[in-house]
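Accompanying notes for the structure given below.
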Amino acid sequence: MQKLKFLLFLLPVYVLGSPSGNGDYDIIPRVVNFLIFIAILYYFIATPLKNFYKNRIFQISSKLDEIQRKLLESKTKKFEMAKKLEEAKIEASNALNHAKKEVEILVQKVKDEAQHEINLLNKYFEEQKNYEIKKIEKEVISQILSELFKESNTILKQDDMIDIIMKKVS
């Protein structure tokens, strides 16, 4: 590298220090000077330009890596959310089935309770009906007996009284 630097600085001296100084052929020294200028410019600017491009490439690749990482995270989250959605659907279906079973159980329970109440009401009705029938029978018997006893001239036998009472009741 040191030899290259030394040659770059001595090359213009060699070209411009030629014995023919009449200027007939000055295109060659100008081209050589231009090439030397380009070489020096390249020497000083090449490293920063390379570093700039390397940094730029690194920045672009890091942004691309970050975007790919975010894309991968998004896909993972999407997959997880789809999985959670499926689980929620299954849970909702299970909850719905459970609710239907509970409704059926409650409906059956209400039907059983209603049937039990109906049976109790029927039993109470029958008891009340029997009570009223007995009450009416007692009133009828009492009325018939009071009518019979008011008529003192009628003397009846026990069998006749029972027949009369039976006719009155029926």
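The values are calculated or read from the model by the stated rules, or taken from the named source; none is laboratory data. Everything numeric here is computed off the predicted structure, so don't read it as measured data. Please note: Cβ atoms are built from the backbone with ideal geometry, for glycine as well, and neighbour counts cover all protein chains shown.
Points worth noting:
- Residues in the stretch 124-150 that are surrounded by 10 or more Cβ atoms within 10 Å (Cβ to Cβ) and modelled with pLDDT under 75: L145, L148.
- Test: I57 is modelled with pLDDT of 95 or more, at negative phi and surrounded by 10 or more Cβ atoms within 10 Å (Cβ to Cβ): yes
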